[in-house]
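K.L.:
Can you keep this structure in mind? I'll have questions shortly.
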Amino acid sequence: MNLLRAASTISLLTLVSRIAGLARDVIVAQLFGASAWTDAFNVAFRVPNFLRRLFGEGAFSQAFVPILAETRTRDGDEATARLIDAVATILFWVLLATCVVGVVGAPVIVWLMASGLKQFDGAVVMTRVMFPYIALISMVSLSAGILNTWKRFVVPAVTPVLLNVGMIGAAWWLGPQFTRWGIEPIYGQAVGVMLGGLMQLAIQIPVLRRIGALPAIGLRAGAIRAAWAHPGVHRVLRQMAPALVGVSVAQISVVINTQIASHQGVGAVSWLDWASRLMEFPTGLLGVALGVVLIPQLSAANARKDAAAYSGLLDWGLRLVLLLALPCAVALLVFPTALVAVLFHRGAFDAFAVHQTASALMGYGVGLMGLIGVKILAPGFYARQDIRTPVKIAIAVLVLTQLMNAIFVPFLGHVGLALSVSLGAMINALWLFIGLRRCGAYLPEPGWRSFALRVFGATALLGALLFWAEHAIDWLGLVDHQAQRIGWLALCLGGAALLYFGTLLASGLKLQHFMHRG
(Lines give C-alpha, C1' and ligand atoms only; values in the text may rest on other atoms or scores of the structure.)
Protein backbone atom coordinates (compact mmCIF):
# COMPACT_ATOMS: atom_id res chain seq x y z
CA MET A 1 0.00 0.00 0.00
CA ASN A 2 1.41 3.39 -1.01
CA LEU A 3 0.93 5.52 2.09
CA LEU A 4 1.74 8.80 0.37
CA ARG A 5 -0.88 8.10 -2.29
CA ALA A 6 -3.45 7.17 0.37
CA ALA A 7 -2.64 10.27 2.42
CA SER A 8 -2.76 12.42 -0.73
CA THR A 9 -6.19 11.04 -1.61
CA ILE A 10 -7.49 11.85 1.85
CA SER A 11 -5.86 15.28 1.73
CA LEU A 12 -7.47 16.04 -1.65
CA LEU A 13 -10.91 15.05 -0.40
CA THR A 14 -10.31 16.91 2.86
CA LEU A 15 -9.40 19.95 0.74
CA VAL A 16 -12.80 19.69 -0.96
CA SER A 17 -14.41 19.55 2.48
CA ARG A 18 -12.40 22.51 3.76
CA ILE A 19 -13.26 24.54 0.66
CA ALA A 20 -16.93 23.75 1.20
CA GLY A 21 -16.57 24.70 4.86
CA LEU A 22 -14.84 27.91 3.88
CA ALA A 23 -17.64 28.69 1.42
CA ARG A 24 -20.09 28.11 4.25
CA ASP A 25 -18.19 30.49 6.54
CA VAL A 26 -17.91 33.12 3.81
CA ILE A 27 -21.68 33.01 3.32
CA VAL A 28 -22.36 33.20 7.07
CA ALA A 29 -19.88 36.07 7.46
CA GLN A 30 -21.45 37.96 4.56
CA LEU A 31 -25.02 37.44 5.76
CA PHE A 32 -24.59 37.85 9.52
CA GLY A 33 -21.15 39.39 10.15
CA ALA A 34 -19.51 39.17 13.59
CA SER A 35 -22.81 39.74 15.43
CA ALA A 36 -24.30 38.57 18.71
CA TRP A 37 -26.42 36.03 16.78
CA THR A 38 -23.33 34.67 15.02
CA ASP A 39 -21.62 34.28 18.39
CA ALA A 40 -24.70 32.41 19.66
CA PHE A 41 -24.65 29.99 16.73
CA ASN A 42 -20.92 29.36 17.03
CA VAL A 43 -21.28 28.54 20.72
CA ALA A 44 -24.29 26.28 20.08
CA PHE A 45 -22.41 24.48 17.31
CA ARG A 46 -19.48 23.87 19.65
CA VAL A 47 -21.68 21.87 22.02
CA PRO A 48 -22.22 18.86 19.70
CA ASN A 49 -18.64 19.22 18.49
CA PHE A 50 -17.50 19.02 22.11
CA LEU A 51 -19.32 15.70 22.59
CA ARG A 52 -18.27 14.45 19.16
CA ARG A 53 -14.69 14.50 20.46
CA LEU A 54 -15.79 12.20 23.28
CA PHE A 55 -18.06 9.74 21.47
CA GLY A 56 -16.82 10.11 17.91
CA GLU A 57 -13.46 10.87 16.40
CA GLY A 58 -11.81 11.49 19.77
CA ALA A 59 -11.79 9.03 22.65
CA PHE A 60 -13.92 6.39 20.96
CA SER A 61 -11.85 6.25 17.77
CA GLN A 62 -8.58 6.27 19.70
CA ALA A 63 -9.75 3.22 21.64
CA PHE A 64 -11.75 1.40 18.96
CA VAL A 65 -9.58 1.58 15.81
CA PRO A 66 -6.41 -0.05 17.26
CA ILE A 67 -8.48 -2.88 18.78
CA LEU A 68 -10.44 -3.30 15.54
CA ALA A 69 -7.23 -3.44 13.46
CA GLU A 70 -5.63 -5.91 15.89
CA THR A 71 -8.74 -8.14 15.90
CA ARG A 72 -8.91 -8.22 12.12
CA THR A 73 -5.16 -8.95 11.79
CA ARG A 74 -5.16 -11.67 14.44
CA ASP A 75 -8.66 -13.23 14.42
CA GLY A 76 -10.11 -12.60 10.96
CA ASP A 77 -13.25 -10.95 9.59
CA GLU A 78 -15.85 -13.10 11.35
CA ALA A 79 -14.62 -12.21 14.83
CA THR A 80 -14.24 -8.60 13.70
CA ALA A 81 -17.90 -8.50 12.59
CA ARG A 82 -19.04 -9.66 16.03
CA LEU A 83 -16.93 -6.95 17.65
CA ILE A 84 -18.41 -4.29 15.35
CA ASP A 85 -22.01 -5.35 16.11
CA ALA A 86 -21.42 -5.36 19.87
CA VAL A 87 -19.67 -1.99 19.93
CA ALA A 88 -22.26 -0.37 17.62
CA THR A 89 -25.12 -1.57 19.84
CA ILE A 90 -23.66 -0.16 23.05
CA LEU A 91 -22.64 3.10 21.35
CA PHE A 92 -26.14 3.59 19.91
CA TRP A 93 -27.91 3.33 23.26
CA VAL A 94 -25.38 5.50 25.06
CA LEU A 95 -25.79 8.19 22.39
CA LEU A 96 -29.59 8.03 22.62
CA ALA A 97 -29.49 8.64 26.38
CA THR A 98 -26.95 11.44 25.92
CA CYS A 99 -29.16 13.24 23.40
CA VAL A 100 -32.17 13.17 25.72
CA VAL A 101 -30.14 14.62 28.58
CA GLY A 102 -28.57 17.23 26.31
CA VAL A 103 -31.83 18.54 24.89
CA VAL A 104 -33.35 18.87 28.37
CA GLY A 105 -30.24 20.41 29.91
CA ALA A 106 -29.36 22.81 27.06
CA PRO A 107 -29.66 26.02 29.17
CA VAL A 108 -27.15 24.73 31.70
CA ILE A 109 -24.77 23.55 28.96
CA VAL A 110 -24.82 26.91 27.17
CA TRP A 111 -24.28 28.78 30.44
CA LEU A 112 -21.25 26.61 31.18
CA MET A 113 -19.90 27.22 27.66
CA ALA A 114 -20.45 30.99 27.34
CA SER A 115 -22.38 32.79 30.06
CA GLY A 116 -21.46 36.18 28.57
CA LEU A 117 -23.47 35.73 25.34
CA LYS A 118 -25.79 38.59 24.39
CA GLN A 119 -28.17 36.14 22.65
CA PHE A 120 -28.18 33.44 25.33
CA ASP A 121 -31.74 32.22 24.67
CA GLY A 122 -31.06 31.90 20.95
CA ALA A 123 -28.01 29.78 21.69
CA VAL A 124 -30.16 27.49 23.86
CA VAL A 125 -32.70 27.01 21.06
CA MET A 126 -30.00 26.20 18.50
CA THR A 127 -28.27 23.83 20.93
CA ARG A 128 -31.49 21.86 21.31
CA VAL A 129 -31.97 21.69 17.55
CA MET A 130 -28.41 20.52 16.91
CA PHE A 131 -27.83 18.23 19.89
CA PRO A 132 -28.97 15.03 18.12
CA TYR A 133 -26.18 15.69 15.61
CA ILE A 134 -23.85 14.11 18.16
CA ALA A 135 -25.59 10.75 17.67
CA LEU A 136 -25.37 11.01 13.89
CA ILE A 137 -21.71 12.04 13.72
CA SER A 138 -20.64 9.47 16.31
CA MET A 139 -22.14 6.66 14.26
CA VAL A 140 -20.39 8.20 11.26
CA SER A 141 -17.11 8.02 13.21
CA LEU A 142 -17.77 4.34 13.97
CA SER A 143 -18.31 3.73 10.26
CA ALA A 144 -15.18 5.70 9.34
CA GLY A 145 -13.08 3.62 11.73
CA ILE A 146 -14.32 0.44 10.07
CA LEU A 147 -13.79 1.72 6.52
CA ASN A 148 -10.30 3.05 7.27
CA THR A 149 -9.33 -0.32 8.78
CA TRP A 150 -10.49 -1.96 5.53
CA LYS A 151 -8.40 0.70 3.68
CA ARG A 152 -11.53 2.30 2.21
CA PHE A 153 -10.40 5.89 2.77
CA VAL A 154 -12.48 7.77 0.19
CA VAL A 155 -15.96 7.79 1.73
CA PRO A 156 -14.84 8.81 5.25
CA ALA A 157 -12.72 11.59 3.74
CA VAL A 158 -15.53 12.97 1.55
CA THR A 159 -18.23 12.68 4.24
CA PRO A 160 -17.56 16.09 5.92
CA VAL A 161 -18.45 17.82 2.64
CA LEU A 162 -22.08 16.85 3.20
CA LEU A 163 -22.32 18.79 6.46
CA ASN A 164 -21.20 21.92 4.65
CA VAL A 165 -23.61 21.23 1.79
CA GLY A 166 -26.46 21.06 4.29
CA MET A 167 -25.44 24.29 5.99
CA ILE A 168 -24.86 26.18 2.72
CA GLY A 169 -28.29 25.09 1.48
CA ALA A 170 -29.81 26.25 4.76
CA ALA A 171 -28.08 29.65 4.51
CA TRP A 172 -29.35 30.30 0.99
CA TRP A 173 -32.83 28.78 1.23
CA LEU A 174 -33.93 28.33 4.84
CA GLY A 175 -32.56 31.68 6.06
CA PRO A 176 -34.76 33.79 3.76
CA GLN A 177 -37.72 31.48 4.44
CA PHE A 178 -37.29 31.94 8.18
CA THR A 179 -37.11 35.72 7.72
CA ARG A 180 -40.45 35.68 5.90
CA TRP A 181 -41.94 33.58 8.69
CA GLY A 182 -40.69 35.98 11.36
CA ILE A 183 -38.02 33.55 12.63
CA GLU A 184 -34.41 34.59 13.22
CA PRO A 185 -32.69 33.49 9.94
CA ILE A 186 -29.55 32.08 11.57
CA TYR A 187 -31.75 29.34 13.08
CA GLY A 188 -31.67 27.87 9.57
CA GLN A 189 -28.01 27.03 10.12
CA ALA A 190 -28.94 24.78 13.05
CA VAL A 191 -31.42 22.92 10.84
CA GLY A 192 -28.74 22.66 8.14
CA VAL A 193 -26.42 20.94 10.61
CA MET A 194 -29.00 18.22 11.22
CA LEU A 195 -29.64 17.76 7.50
CA GLY A 196 -25.92 17.47 6.91
CA GLY A 197 -25.58 14.87 9.68
CA LEU A 198 -28.31 12.73 8.16
CA MET A 199 -26.59 12.82 4.77
CA GLN A 200 -23.21 12.01 6.36
CA LEU A 201 -24.60 8.86 7.96
CA ALA A 202 -26.58 7.78 4.90
CA ILE A 203 -23.54 7.77 2.60
CA GLN A 204 -21.72 5.26 4.84
CA ILE A 205 -24.34 2.52 4.65
CA PRO A 206 -23.89 1.26 1.05
CA VAL A 207 -20.09 1.01 1.42
CA LEU A 208 -20.31 -0.81 4.75
CA ARG A 209 -22.83 -3.25 3.26
CA ARG A 210 -20.55 -3.83 0.25
CA ILE A 211 -17.60 -4.91 2.42
CA GLY A 212 -19.86 -6.97 4.71
CA ALA A 213 -19.23 -4.78 7.76
CA LEU A 214 -22.57 -2.99 8.21
CA PRO A 215 -23.19 -2.99 11.98
CA ALA A 216 -26.25 -4.85 13.26
CA ILE A 217 -27.53 -2.76 16.17
CA GLY A 218 -29.36 -4.77 18.83
CA LEU A 219 -32.74 -3.28 19.77
CA ARG A 220 -34.02 -5.97 22.13
CA ALA A 221 -32.95 -6.34 25.74
CA GLY A 222 -31.33 -9.73 25.07
CA ALA A 223 -29.24 -8.34 22.21
CA ILE A 224 -28.12 -5.43 24.36
CA ARG A 225 -27.08 -7.78 27.18
CA ALA A 226 -25.17 -9.96 24.69
CA ALA A 227 -23.39 -6.92 23.28
CA TRP A 228 -22.45 -5.78 26.76
CA ALA A 229 -21.03 -9.23 27.53
CA HIS A 230 -18.71 -9.18 24.49
CA PRO A 231 -15.08 -8.99 25.73
CA GLY A 232 -14.15 -6.57 22.95
CA VAL A 233 -16.62 -4.01 24.27
CA HIS A 234 -14.94 -4.05 27.66
CA ARG A 235 -11.52 -3.74 26.03
CA VAL A 236 -12.73 -0.67 24.14
CA LEU A 237 -14.21 0.78 27.33
CA ARG A 238 -11.02 0.19 29.27
CA GLN A 239 -9.07 1.98 26.55
CA MET A 240 -11.68 4.73 26.36
CA ALA A 241 -11.46 5.55 30.06
CA PRO A 242 -8.08 7.29 29.88
CA ALA A 243 -8.88 8.55 26.38
CA LEU A 244 -12.04 10.20 27.70
CA VAL A 245 -9.95 11.97 30.31
CA GLY A 246 -7.50 13.12 27.65
CA VAL A 247 -10.16 14.32 25.22
CA SER A 248 -12.13 15.89 28.05
CA VAL A 249 -9.04 17.82 29.06
CA ALA A 250 -8.69 19.19 25.52
CA GLN A 251 -12.38 20.07 25.37
CA ILE A 252 -12.31 21.65 28.82
CA SER A 253 -9.68 23.97 27.40
CA VAL A 254 -12.06 24.80 24.52
CA VAL A 255 -14.90 25.47 26.96
CA ILE A 256 -12.74 27.72 29.13
CA ASN A 257 -11.48 29.63 26.09
CA THR A 258 -15.02 30.04 24.75
CA GLN A 259 -16.17 31.29 28.15
CA ILE A 260 -13.32 33.81 28.26
CA ALA A 261 -13.94 34.88 24.66
CA SER A 262 -17.64 35.49 25.37
CA HIS A 263 -16.53 38.20 27.83
CA GLN A 264 -14.13 39.88 25.36
CA GLY A 265 -16.93 41.75 23.59
CA VAL A 266 -19.32 41.07 20.72
CA GLY A 267 -17.55 39.31 17.85
CA ALA A 268 -14.66 37.75 19.79
CA VAL A 269 -16.08 34.22 19.62
CA SER A 270 -16.64 34.59 15.88
CA TRP A 271 -13.22 36.12 15.16
CA LEU A 272 -11.57 33.15 16.83
CA ASP A 273 -13.88 30.73 15.04
CA TRP A 274 -13.10 32.13 11.59
CA ALA A 275 -9.37 32.20 12.30
CA SER A 276 -9.61 28.62 13.52
CA ARG A 277 -11.32 27.66 10.27
CA LEU A 278 -8.37 28.93 8.25
CA MET A 279 -5.94 27.20 10.61
CA GLU A 280 -7.88 23.96 10.10
CA PHE A 281 -7.02 23.93 6.40
CA PRO A 282 -3.44 22.69 6.93
CA THR A 283 -4.33 20.67 10.05
CA GLY A 284 -7.04 18.86 8.11
CA LEU A 285 -5.12 18.40 4.88
CA LEU A 286 -2.01 17.08 6.60
CA GLY A 287 -2.61 16.19 10.24
CA VAL A 288 -5.96 14.46 9.86
CA ALA A 289 -4.95 12.68 6.64
CA LEU A 290 -1.72 11.31 8.11
CA GLY A 291 -3.43 10.33 11.35
CA VAL A 292 -6.12 8.39 9.48
CA VAL A 293 -3.53 6.53 7.41
CA LEU A 294 -1.04 5.93 10.21
CA ILE A 295 -3.20 4.59 13.05
CA PRO A 296 -4.29 1.34 11.31
CA GLN A 297 -0.78 0.81 9.89
CA LEU A 298 0.89 1.47 13.24
CA SER A 299 -1.60 -0.83 14.99
CA ALA A 300 -0.91 -3.63 12.51
CA ALA A 301 2.87 -3.16 12.91
CA ASN A 302 2.47 -3.29 16.69
CA ALA A 303 0.40 -6.48 16.42
CA ARG A 304 3.21 -8.04 14.31
CA LYS A 305 5.84 -6.84 16.83
CA ASP A 306 7.62 -5.10 13.94
CA ALA A 307 9.48 -2.30 15.76
CA ALA A 308 11.44 -1.20 12.69
CA ALA A 309 8.29 -0.71 10.59
CA TYR A 310 6.63 1.11 13.49
CA SER A 311 9.50 3.59 13.85
CA GLY A 312 9.75 3.99 10.08
CA LEU A 313 6.10 4.97 9.81
CA LEU A 314 6.52 7.64 12.48
CA ASP A 315 9.67 8.97 10.82
CA TRP A 316 7.89 9.20 7.47
CA GLY A 317 4.99 11.11 9.05
CA LEU A 318 7.22 13.55 10.91
CA ARG A 319 9.22 14.37 7.79
CA LEU A 320 6.01 15.17 5.93
CA VAL A 321 4.95 17.40 8.82
CA LEU A 322 8.13 19.45 8.56
CA LEU A 323 7.99 19.53 4.76
CA LEU A 324 4.39 20.72 4.48
CA ALA A 325 3.39 22.27 7.82
CA LEU A 326 6.29 24.65 8.32
CA PRO A 327 5.61 26.74 5.18
CA CYS A 328 1.91 26.82 6.09
CA ALA A 329 2.74 28.11 9.56
CA VAL A 330 4.94 30.86 8.12
CA ALA A 331 2.17 31.84 5.68
CA LEU A 332 -0.31 32.28 8.54
CA LEU A 333 2.20 34.44 10.40
CA VAL A 334 3.28 36.78 7.58
CA PHE A 335 0.26 36.76 5.23
CA PRO A 336 -2.85 36.85 7.50
CA THR A 337 -4.57 40.05 6.36
CA ALA A 338 -4.52 38.98 2.72
CA LEU A 339 -6.05 35.59 3.53
CA VAL A 340 -8.81 36.98 5.74
CA ALA A 341 -9.62 39.96 3.52
CA VAL A 342 -10.00 37.97 0.32
CA LEU A 343 -12.11 35.28 1.94
CA PHE A 344 -14.37 37.24 4.29
CA HIS A 345 -14.18 41.03 3.66
CA ARG A 346 -17.58 41.72 2.13
CA GLY A 347 -21.14 42.41 3.24
CA ALA A 348 -21.47 42.59 7.03
CA PHE A 349 -17.82 41.56 7.54
CA ASP A 350 -16.02 44.92 7.78
CA ALA A 351 -12.36 46.01 7.92
CA PHE A 352 -12.34 45.94 11.73
CA ALA A 353 -13.42 42.28 11.67
CA VAL A 354 -10.63 41.59 9.15
CA HIS A 355 -7.97 43.01 11.49
CA GLN A 356 -9.31 41.17 14.53
CA THR A 357 -9.56 37.83 12.70
CA ALA A 358 -6.12 38.25 11.11
CA SER A 359 -4.59 38.90 14.53
CA ALA A 360 -6.16 35.70 15.89
CA LEU A 361 -4.90 33.83 12.82
CA MET A 362 -1.34 34.90 13.58
CA GLY A 363 -1.79 33.60 17.11
CA TYR A 364 -2.81 30.21 15.77
CA GLY A 365 0.03 30.25 13.24
CA VAL A 366 2.58 30.21 16.07
CA GLY A 367 1.48 26.72 17.06
CA LEU A 368 0.50 25.16 13.74
CA MET A 369 3.50 22.82 13.75
CA GLY A 370 2.51 21.62 17.22
CA LEU A 371 -1.17 21.20 16.33
CA ILE A 372 -0.27 19.00 13.35
CA GLY A 373 2.58 17.26 15.14
CA VAL A 374 0.26 16.05 17.90
CA LYS A 375 -1.91 14.33 15.28
CA ILE A 376 1.14 12.30 14.20
CA LEU A 377 2.79 11.71 17.56
CA ALA A 378 -0.28 10.82 19.64
CA PRO A 379 -1.18 7.86 17.33
CA GLY A 380 2.31 6.58 18.12
CA PHE A 381 0.98 5.93 21.63
CA TYR A 382 -2.60 4.98 20.70
CA ALA A 383 -1.48 2.22 18.33
CA ARG A 384 0.52 0.70 21.21
CA GLN A 385 -2.72 0.94 23.24
CA ASP A 386 -0.98 3.36 25.59
CA ILE A 387 -3.49 6.15 26.02
CA ARG A 388 -2.47 7.08 29.55
CA THR A 389 0.78 8.81 28.56
CA PRO A 390 -0.85 11.31 26.13
CA VAL A 391 -3.56 11.91 28.75
CA LYS A 392 -1.06 12.82 31.45
CA ILE A 393 0.65 15.17 29.03
CA ALA A 394 -2.68 16.72 28.01
CA ILE A 395 -3.60 17.44 31.63
CA ALA A 396 -0.28 19.19 32.25
CA VAL A 397 -0.67 21.18 29.02
CA LEU A 398 -4.20 22.25 30.03
CA VAL A 399 -2.84 23.75 33.23
CA LEU A 400 -0.03 25.49 31.37
CA THR A 401 -2.44 26.83 28.72
CA GLN A 402 -4.70 28.42 31.31
CA LEU A 403 -1.71 29.95 33.09
CA MET A 404 -0.71 31.47 29.76
CA ASN A 405 -4.29 32.74 29.29
CA ALA A 406 -3.99 34.54 32.61
CA ILE A 407 -0.81 36.21 31.33
CA PHE A 408 -1.74 36.97 27.70
CA VAL A 409 -5.49 37.73 27.64
CA PRO A 410 -5.36 40.91 29.80
CA PHE A 411 -2.89 42.40 27.30
CA LEU A 412 -3.85 40.77 23.98
CA GLY A 413 -7.58 40.04 24.40
CA HIS A 414 -8.90 37.30 22.11
CA VAL A 415 -5.49 37.00 20.41
CA GLY A 416 -4.06 35.87 23.74
CA LEU A 417 -6.43 32.89 23.68
CA ALA A 418 -5.15 31.79 20.26
CA LEU A 419 -1.54 32.28 21.32
CA SER A 420 -2.03 30.21 24.49
CA VAL A 421 -3.55 27.36 22.48
CA SER A 422 -0.63 27.48 20.05
CA LEU A 423 2.09 27.45 22.68
CA GLY A 424 0.27 24.65 24.50
CA ALA A 425 0.19 22.60 21.29
CA MET A 426 3.92 23.09 20.77
CA ILE A 427 4.64 21.92 24.32
CA ASN A 428 2.30 18.95 23.84
CA ALA A 429 4.01 17.85 20.62
CA LEU A 430 7.50 18.20 22.08
CA TRP A 431 6.51 16.20 25.15
CA LEU A 432 5.00 13.40 23.03
CA PHE A 433 8.12 13.32 20.85
CA ILE A 434 10.38 12.97 23.88
CA GLY A 435 8.13 10.20 25.24
CA LEU A 436 8.33 8.17 22.02
CA ARG A 437 12.08 8.55 21.92
CA ARG A 438 12.53 7.51 25.53
CA CYS A 439 10.39 4.38 25.24
CA GLY A 440 12.25 3.33 22.08
CA ALA A 441 9.18 3.42 19.83
CA TYR A 442 10.77 6.00 17.53
CA LEU A 443 14.35 6.09 16.28
CA PRO A 444 15.02 8.89 13.75
CA GLU A 445 16.36 7.63 10.46
CA PRO A 446 19.53 9.12 8.89
CA GLY A 447 19.42 12.34 6.87
CA TRP A 448 17.34 14.58 9.13
CA ARG A 449 19.91 17.39 9.36
CA SER A 450 20.31 17.93 5.62
CA PHE A 451 16.57 17.50 5.09
CA ALA A 452 15.74 20.13 7.73
CA LEU A 453 18.26 22.61 6.33
CA ARG A 454 16.70 22.33 2.87
CA VAL A 455 13.20 22.88 4.27
CA PHE A 456 14.25 25.85 6.43
CA GLY A 457 16.00 27.53 3.52
CA ALA A 458 13.07 27.12 1.14
CA THR A 459 10.63 28.28 3.85
CA ALA A 460 12.66 31.44 4.45
CA LEU A 461 12.31 32.37 0.76
CA LEU A 462 8.58 31.63 0.78
CA GLY A 463 8.12 33.75 3.91
CA ALA A 464 10.02 36.69 2.43
CA LEU A 465 7.85 36.69 -0.70
CA LEU A 466 4.56 36.52 1.24
CA PHE A 467 5.70 39.17 3.75
CA TRP A 468 6.41 41.54 0.86
CA ALA A 469 3.04 40.81 -0.74
CA GLU A 470 1.19 41.33 2.56
CA HIS A 471 2.46 44.92 2.78
CA ALA A 472 2.87 45.85 -0.90
CA ILE A 473 -0.77 45.19 -1.89
CA ASP A 474 -3.72 47.14 -0.45
CA TRP A 475 -5.87 44.10 0.37
CA LEU A 476 -8.54 46.09 2.22
CA GLY A 477 -8.67 48.86 -0.37
CA LEU A 478 -9.61 46.37 -3.09
CA VAL A 479 -12.91 45.50 -1.40
CA ASP A 480 -14.87 46.70 -4.46
CA HIS A 481 -12.60 44.76 -6.83
CA GLN A 482 -13.10 41.17 -5.71
CA ALA A 483 -11.85 39.53 -8.89
CA GLN A 484 -8.63 41.55 -8.79
CA ARG A 485 -8.10 40.73 -5.14
CA ILE A 486 -8.69 37.01 -5.70
CA GLY A 487 -6.28 37.11 -8.63
CA TRP A 488 -3.56 38.70 -6.52
CA LEU A 489 -4.06 36.08 -3.79
CA ALA A 490 -3.86 33.21 -6.26
CA LEU A 491 -0.74 34.72 -7.85
CA CYS A 492 0.97 35.22 -4.47
CA LEU A 493 0.17 31.75 -3.13
CA GLY A 494 0.97 30.05 -6.42
CA GLY A 495 4.25 31.92 -6.73
CA ALA A 496 5.18 31.10 -3.14
CA ALA A 497 4.46 27.40 -3.71
CA LEU A 498 6.53 27.34 -6.91
CA LEU A 499 9.38 29.12 -5.16
CA TYR A 500 9.25 26.73 -2.20
CA PHE A 501 9.11 23.44 -4.08
CA GLY A 502 11.44 24.71 -6.80
CA THR A 503 14.04 25.55 -4.15
CA LEU A 504 13.64 22.11 -2.58
CA LEU A 505 14.06 20.35 -5.92
CA ALA A 506 17.07 22.49 -6.79
CA SER A 507 18.63 21.57 -3.44
CA GLY A 508 18.38 17.87 -4.28
CA LEU A 509 15.24 16.80 -2.42
CA LYS A 510 13.46 13.94 -4.21
CA LEU A 511 9.76 13.13 -3.92
CA GLN A 512 10.39 9.38 -4.07
CA HIS A 513 11.96 9.63 -0.61
CA PHE A 514 8.40 9.98 0.70
CA MET A 515 6.83 7.15 -1.30
CA HIS A 516 6.55 4.96 1.81
CA ARG A 517 4.82 1.65 1.33
CA GLY A 518 2.99 -0.01 4.23
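The values are calculated or read from the model by the stated rules, or taken from the named source; none is laboratory data. None of these values were measured; they are calculated from a predicted model. Reconstructed Cβ throughout: ideal geometry from the backbone, glycine too, with neighbour counts over all protein chains shown. In case anyone asks, the SASA skips ligands and DNA or RNA and just uses the protein heavy atoms, side chains included. Shrake-Rupley method; radii C 1.70, N 1.55, O 1.52, S 1.80 Å.
K.L.:
Expressed as a fraction of 2.2 N^0.38 Å, the rule-of-thumb size for a compact globular protein of N residues, what is the C-alpha radius of gyration of the chain?
P.N.:
Normalised Cα radius of gyration, the chain: 0.96.
K.L.:
Now, a different point. Over 24 Å, how big is the tail of the calculated P(r) for the stretch 18-138, in percent of all Cα pairs?
P.N.:
43
K.L.:
Given Cα pairs under 8 Å that are at least 6 residues apart, what percent is the relative contact order of the stretch 322-379?
P.N.:
49
K.L.:
I would also like to ask the following. Which three extents, in angstrom, do the Cα atoms of the stretch 342-457 have along their principal axes, listed largest first?
P.N.:
Dimensions of the stretch 342-457 along the principal axes of its Cα atoms: 53, 36, 23 Å.
K.L.:
Kirkwood Rh, Cα Rg: Rg to Rh for the stretch 435-480?
P.N.:
Here Rg/Rh amounts to 1.37.
K.L.:
Roughly what would the spin-label model give for D77 and V104, points 7 Å off Cα along C-beta, in nm?
P.N.:
4.4
K.L.:
Another question, then. Evaluate the distance, in nm, between pseudo-label points positioned 7 Å from the Cα of A308 and of S450 along their respective Cα→Cβ axes.
P.N.:
Placing both labels 7 Å beyond Cα along the Cβ direction yields 2.2 nm.
K.L.:
Between R225 and V266, take the C-beta separation as r, use R0 = 51 Å, and let me know the FRET efficiency to the nearest 0.05.
P.N.:
Result of the calculation: an efficiency of 0.50.
K.L.:
Still on this structure: What is the total of Lys pairs in the chain with C-alpha atoms under 24 Å apart, excluding same-chain pairs fewer than 8 positions apart?
P.N.:
4
K.L.:
May I ask for the Rg/Rh ratio of the stretch 194-237, computed from Cα atoms with Rh as the Kirkwood radius, given to two decimals?
P.N.:
Using only Cα positions, Rg/Rh for the stretch 194-237 is 1.10.
K.L.:
Let me ask something else about it. Quick one: how many Å² of D25 are accessible to a 1.4 Å probe, rounded to 10?
P.N.:
For D25, the solvent-accessible surface is approximately 10 Å².
K.L.:
Explain nothing, just the number: relative contact order of the chain, from Cα pairs under 8 Å at least 6 residues apart, as a whole percent. Working shown, then result.
P.N.:
Working: 751 pairs, mean separation 111.0, N = 518.
Computed value for the chain: 21 percent relative contact order.
K.L.:
Which number do you get for Rg(Cα) / (2.2 N^0.38 Å) in the stretch 262-379? List each step's numbers first, then the result.
P.N.:
Working: Rg = 17.7 Å, N = 118, 2.2 N^0.38 = 13.5 Å.
In units of the globular-protein estimate, the stretch 262-379 measures up at 1.31.
K.L.:
Oh, and also: Where does the charge balance sit around I217 when Lys and Arg score +1, Asp and Glu -1, over other residues with C-beta under 15 Å from its C-beta?
P.N.:
Net charge in that neighbourhood comes out at +3.
K.L.:
Further question: Across every pair of different alpha-carbon atoms, what Kirkwood hydrodynamic radius in Å does the stretch 372-518 reach?
P.N.:
19.1
K.L.:
When the chain is fully extended, how far beyond the present Cα-Cα distance does I217 get from A23, taking 0.36 nm per residue of separation?
P.N.:
So the extension gain works out to 66.2 nm.
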